[in-house]
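Worksheet: the structure to be examined is printed underneath.
No value in this document is a laboratory result; all are computed from the given coordinates. Because the structure is a prediction, the values reported are computed rather than measured. Cβ coordinates were reconstructed from backbone atoms using ideal geometry, including for glycine residues, and neighbour counts include every protein chain displayed.
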């Protein structure tokens with residue numbers, strides 16, 4: 001499989017409230033702190049992490065919707081970071097994003113048909129005369145009735161709006177779709193519908209999908225590979241099945257143990273991972289996870305952890321295997 | 001058989017819209033024993049939150065009202081009490097914690113003050129006693145260094161700590177029943193595990209009874225003793241946790257279970273329940289789940305199934321219950 | 001979701017009242033518009049016709065609003081004056097609205113130094129008392145309705161700019177704005193096609209209540225002699241002229257004054273009604 005997307009050591013910083021007298025000393029928050037990942041064409045990569053880890057920021061920086069301050073983003077071999085206007089235009093024609101809140105992702109004053117037609121028009125995907133037909137096709141592709149083109153987002157359900165969001169992404173005819181927590185706001189019975197739709201589209205169209213979520217259960221069903229993010233860095237990456245059965249990074253292990261399983265025999269940990277992710281304003285020195293890590297060694301707070309690459313898996317920890 | 005701590009009989013929440021009455025929660029009936037954690041499960045529109053707010057008579061809009069036969073707690077019938085009587089009960093016998101701790105804690109008041117306020121009100125304690133009690137409660141909910149954190153403001157706490165603080169506020173008055181409305185939905189999964197552990201510990205240590213509202217069956221499976229499933233304002237099924245998870249008999253309960261990402265991990269596609277929940281002002285005369293039910297019979301469209309005891313301790317409202325084994 | 005359902009059901013009860021406000025306001029404003037349009041046929045007399053014998057006549061059947069000190073029929077002057085005042089209210093709102101919306105939208109969207117510069121400009125304009133600035137501009141441009149409109153545009157745009165800017169700042173962060181950019185829409189399309197239509201709600205409501213202020217401003221400016229010139233009938237000038245006769249011939253300034261009040265109330269009710277209707281839909 002050809003590599004479609006290669007992210008190398010991406011860094012994104014935001015200005016934060018200053019400190020010191022009159023807030024004059026500018027502080028910067030490192031939302032993404034040297035993240036790297038790869039995505040092949042037609043592959044689904046799950047990006048998991050808790051709030052504040054920077055996964056949404058990473059996704060937006062990859063799509064050049066947020067400026068970054070370091071690192072490379074190679075889309076189909078071309079570095080988009082920063083990219084020339086022609087490169088960015090190409091990126092816009094070949095990638096699309098789906099958002100978490102199905103309602104706020106759509107312009108509330110536009111009808112569904114208009115929303116889709118506008119994308120087709122701006123991107124000149126089809127000649128103007130064929131736009132209405134294509135809109136109908138897109139709606140059908142995502143399982144919506146053609147009459148819905150006349151309605152506004154406010155009169156649709158959450159699941160239907162999310163399908164419209166997917167249709168809008170598909171209108172671009174992308175090679176890569178970034179789905180940012182796109183099922184989190186839906187009921188569990190509707191989540192399954194959207195996930196099945198994504199699975200089907202992936203098979204039919206050979207889409208690459210970067211699926212951002214905090215829900216490990218969904219990742220296990222939908223994704224081929226998973227990347228675990230903590231405080232702006234990818235701490236572990238690998239095939240889903242392997243990472244879930246034998247995690248190598250202590251944080252991944254803690255995440256997997258914390259999943260509330262519907263099998264009551266698989267109990268919650270007696271002694272769950274303590275504390276919470278610290279604020280990105282005060283990143284711990286050395287390994288970002290060491291203050292909460294059960295297996296931390298004295299050196300973990302001083303030097304950044306080394307990266308271990310074993311076949312398709314890699315993780316960044318002082319331990320090459322998870323200590324028992 | 002000991003009398004249950006909380007007995008709810010026929011609780012309904014009705015909204016007045018123009019000239020019509022719309023029933024949002026219909027004749028909810030259940031018991032809660034001492035030290036029992038009941039999981040109230042349902043999707044959006046099921047009425048689970050409204051039912052509990054109705055129980056506390058804290059409805060969010062003036063056009064809503066509570067009706068019912070009786071709601072018995074600690075020797076009182078909550079439906080018969082006037083507002084002053086309810087106020088004495090709220091906090092002292094019946095506590096509630098909410099989904100988003102940031103919006104349910106007063107941002108301008110120190111945490112210790114918020115806990116102590118309830119203690120002073122319901123127990124008539126002095127400021128010093130209430131403060132000492134607040135520190136103790138903070139310690140019990142697992143906040144490190146409670147003596148110094150008791151004077152912090154909510155914004156100085158992180159998300160998980162705020163949820164713990166909210167639990168502390170609810171516990172300060174020592175209620176017998178705690179209603180937890182999606183307490184971990186807004187939290188990260190590792191923090192969720194901590195909070196659920198805490199709730200279990202509180203039940204073990206204090207004998208606290210709880211109603212845990214959630215849409216996540218996993219959360220409910222890990223913490224609750226019994227599970228009640230609601231759909232479109234009515235209770236579909238209510239039974240012991242193991243029974244409900246292993247052998248759900250209502251097609252909706254079975255469907256909900258099957259939709260969980262962890263169910264049927266080897267299947268190529270996720271199970272879903274086709275269709276959407278009905279609009280509450282446009283309900284069919286028969287079973288509300290009928291249009292989405294794979295087992296529906298003509299009888300289901302015409303007659304609303306009543307909640308009946310299918311086996312000891314297991315109640316079900318269905319004309320066509322599933323036999324053991326779940327959805328075929 | 002059932003909780004929001006309940007709230008919406010409750011709102012349905014309130015909506016009845018909102019509609020009443022809207023219709024009342026609309027009725028008053030449209031009533032005046034109709035009167036103004038039909039002035040040549042409805043007004044019993046020529047508003048400029050002076051009748052020396054009938055000066056300061058009390059309200060009677062022939063002259064329901066009496067006559068003024070030049071013997072002109074007050075009723076006719078009030079009806080014809082509606083044309084001028086309505087024109088002032090409407091045009092005096094449109095120009096500031098257009099100018100302010102454009103400046104505010106671009107300023108809010110682009111941000112950075114442009115936004116800072118616009119904000120400082122707004123601060124400067126706001127530092128001057130409104131009427132003082134208007135009169136200064138009109139003094140330079142000369143009296144008349146034309147200079148009134150120019151002065152209104154130059155001074156009145158700031159409120160609209162601030163309103164729109166704050167809305168745009170919020171909407172800029174929304175998901176659908178980000179979606180528009182991720183789909184390759186140009187900044188112009190995103191701002192004017194997507195953000196602005198969603199930001200206009202507050203401004204539209206403000207327009208209606210601004211019409212009240214513009215009306216009163218126009219009357220004040222004309223009262224001071226800088227706006228409409230005599231003998232053109234305009235409610236403000238009529239109140240000014242009738243002032244000296246307030247004890248002897250109260251009808252000269254009372255009826256135009258009442259006209260101003262009713263039209264202002266009409267706009268105000270319209271503003272409230274529109275706010276409730278649009279607010280419910282958003």
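Using only atoms on other chains, find how many Cβ atoms lie within 10 Å of each Cβ of peptide A:214-224 and report the average.
Numbers: counts 3, 3, 3, 8, 3, 1, 3, 9, 2, 0, 0.
That average works out to 3.
Between residue B:266 and residue C:189, with labels modelled 7 Å along Cα→Cβ, what's the label distance in nm to one decimal, could you check?
It works out to 4.9 nm between the two label points.
Would you look at the GNM of chain A, springs on alpha carbons closer than 10 Å, and say which of A:243, A:119, A:219 moves the most?
A:119
Taking each residue of A:194-200 in turn, how many C-beta atoms of other protein chains fall within 10 Å of its C-beta, and what is the average?
Numbers: counts 2, 4, 5, 0, 0, 3, 1.
Counting Cβ atoms of other protein chains within 10 Å of each residue's Cβ and averaging gives 2.
Can you tell me what share of the DSSP beta bridges in chain B is antiparallel? A percent to the nearest 5 is fine. Write out the running numbers ahead of the final one.
Working: 30 of 49 bridges.
If I count the DSSP bridges inside chain B, around 60 percent turn out antiparallel.
Taking beta carbons within 10 Å but only from partner chains, what does the mean come to for residues A:254-260? Write out the running numbers ahead of the final one.
Values: counts 3, 4, 1, 3, 8, 8, 15.
The per-residue average across the peptide is 6.
Dividing the convex hull volume of the alpha carbon atoms of region C:91-192 by its residue count, what do you get in Å³ per residue? Mind dumping the intermediate values first?
Details: hull volume 10.0 nm³, N = 102.
Spread over its residues, the Cα hull of region C:91-192 gives 98 Å³ apiece.
Note down, for region A:175-324, the three equivalent ellipsoid semi-axes (square root of 5 times each alpha carbon gyration tensor eigenvalue), biggest first, whole angstrom.
Details: eigenvalues 168, 68, 46 Å².
So the three semi-axes of region A:175-324 are 29, 18, 15 Å.
Under 10 Å, Cα contacts only: if you run a Gaussian network model on chain A, which one of A:271, A:224, A:76 comes out with the highest mean-square fluctuation?
The residue that fluctuates most here is A:271.
Over all alpha-carbon pairs in chain C, figure out the percentage whose distance exceeds 36 Å.
Taking all Cα-Cα pairs of chain C, the fraction more than 36 Å apart is 30 percent.
Considering all projection directions equally, how large on average is the shadow of the alpha-carbon convex hull of region C:224-274, in square nanometres?
Numbers: hull surface 17.0 nm².
Convex hull of Cα atoms, orientation-averaged projection: 4.3 nm².
When ranked by the protection proxy of mean other Cβ atoms within 10 Å per residue, highest first, what sequence do the peptides B:295-302, B:64-71 form?
Values: B:295-302: 14.8, B:64-71: 18.1.
Per-residue mean Cβ counts within 10 Å order the peptides as B:64-71, B:295-302.
Taking only Cα atoms, what is the 0 to 90° angle, nearest 10, from helix A:158-171's long axis to the longest principal axis of chain A?
80 degrees
Rank the residues B:76, B:238 as a footprinting-exposure proxy: fewest other Cβ atoms within 10 Å of their Cβ go first. Before the final figure, lay out the partial values.
Values: B:76 15, B:238 26.
So the residues, fewest neighbours to most, are B:76, B:238.
Say we join alpha carbon atoms closer than 10 Å with springs in a Gaussian network model of chain A; which of A:148, A:268, A:199 then has the biggest fluctuation?
A:268
Kirkwood hydrodynamic radius for the protein assembly as shown: how many Å is it when counted over pairs of different Cα atoms?
Details: mean 1/r = 0.0310 Å⁻¹.
Computed over the protein assembly as shown, the radius equals 32.3 Å.
I need A:308, A:249 ordered by Cβ neighbour count within 10 Å, fewest first. Could the numbers behind the result be given before it?
Working: A:308 17, A:249 26.
The order, fewest Cβ neighbours first, is A:308, A:249.
Could you tell me how many degrees, from 0 to 90 and to the nearest 10, lie between the Cα long axis of helix B:159-171 and the main elongation axis, the longest principal axis, of the Cα atoms of chain B?
The answer is roughly 80 degrees.
Could I have the simple spin-label model distance between residue C:130 and residue A:89, label points 7 Å from Cα toward Cβ, reported in nm to one decimal?
Label at residue C:130, label at residue A:89, 4.7 nm between them.
Order C:97-109, C:143-155 from most to least packed using the mean count of other Cβ atoms within 10 Å.
Ranked by mean Cβ neighbours within 10 Å, highest first: C:97-109, C:143-155.
Which FRET efficiency value, to the nearest 0.05, is calculated for residue B:129 and residue A:246 with the Förster distance at 51 angstrom and r the Cβ-Cβ distance? Walk me through the intermediate numbers first.
Values: r = 53 Å, r/R0 = 1.05.
Calculated value: 0.45.
Just rank A:62, A:131, fewest to most, by other beta-carbon atoms within 10 angstrom. Don't skip to the answer; put the middle values down first.
Numbers: A:62 28, A:131 19.
Ascending number of Cβ neighbours within 10 Å: A:131, A:62.
Taking the Cα atoms of region B:1-78, what is the range of coordinates along each of the three principal axes, in descending order and whole Å?
Projected onto its principal axes, the Cα set of region B:1-78 covers 46, 27, 17 Å.
Could you compute the FRET efficiency for residue B:246 and residue A:2, with r as their C-beta to C-beta distance and R0 at 51 Å, rounded to 0.05?
Values: r = 46 Å, r/R0 = 0.91.
The calculated FRET efficiency here is 0.65.
Taking the mean number of other Cβ atoms within 10 Å as a proxy for protection, how do you rank C:245-258, B:265-278 from highest to lowest?
Details: C:245-258: 17.3, B:265-278: 15.4.
Averaged packing, sorted descending, gives the order C:245-258, B:265-278.
What does the C-alpha gyration tensor say about the overall shape of chain B? Classify as rounded when a/c is under 1.5, otherwise prolate if a/b is larger than b/c, or oblate. Intermediate values should be presented prior to the final figure.
Values: a/c = 2.01, a/b = 1.56, b/c = 1.29.
Verdict is prolate for chain B.
Please label the shape of region B:121-225 as rounded, prolate or oblate, based on the square roots a ≥ b ≥ c of the eigenvalues of the alpha-carbon gyration tensor (a/c under 1.5 means rounded; beyond that, a/b larger than b/c means prolate, else oblate). Spell out each step's value before the answer.
On the way: a/c = 2.25, a/b = 1.44, b/c = 1.57.
It comes out oblate by the Cα gyration axes.
Which of rounded, prolate, oblate describes region C:81-147, given a ≥ b ≥ c as roots of the alpha-carbon gyration tensor eigenvalues and a/c under 1.5 marking rounded, otherwise prolate only if a/b is larger than b/c?
Values: a/c = 3.31, a/b = 1.70, b/c = 1.95.
Cα axes put region C:81-147 in the oblate bin.
In nm, to one decimal, how far is the residue C:246 label point from the residue A:285 one, both placed 7 Å along Cα→Cβ?
Computed distance between label sites residue C:246 and residue A:285 equals 7.9 nm.
At 0.36 nm per residue, and after removing the present C-alpha to C-alpha distance, how many nm does the segment from residue B:106 to residue B:303 gain when stretched out fully? Walk me through the numbers on the way to the answer.
Values: separation 197, 0.36 × 197 = 70.92 nm, distance 4.76 nm.
Between residue B:106 and residue B:303, full extension yields an extra 66.2 nm.
Helix C:130-141: angle to the longest alpha-carbon principal axis of chain C, degrees 0 to 90, nearest 10?
70 degrees
Based on the Kirkwood radius over alpha-carbon pairs, what is the Stokes-Einstein translational diffusion coefficient of region A:3-316 at 10 °C with 1.306 mPa s viscosity, in µm²/s?
76 µm²/s
Assuming R0 = 30 Å, what is the FRET efficiency of residue B:74 and residue A:184, from their Cβ-Cβ distance, to the nearest 0.05?
Details: r = 39 Å, r/R0 = 1.30.
Using R0 = 30 Å, I get an efficiency of 0.15.
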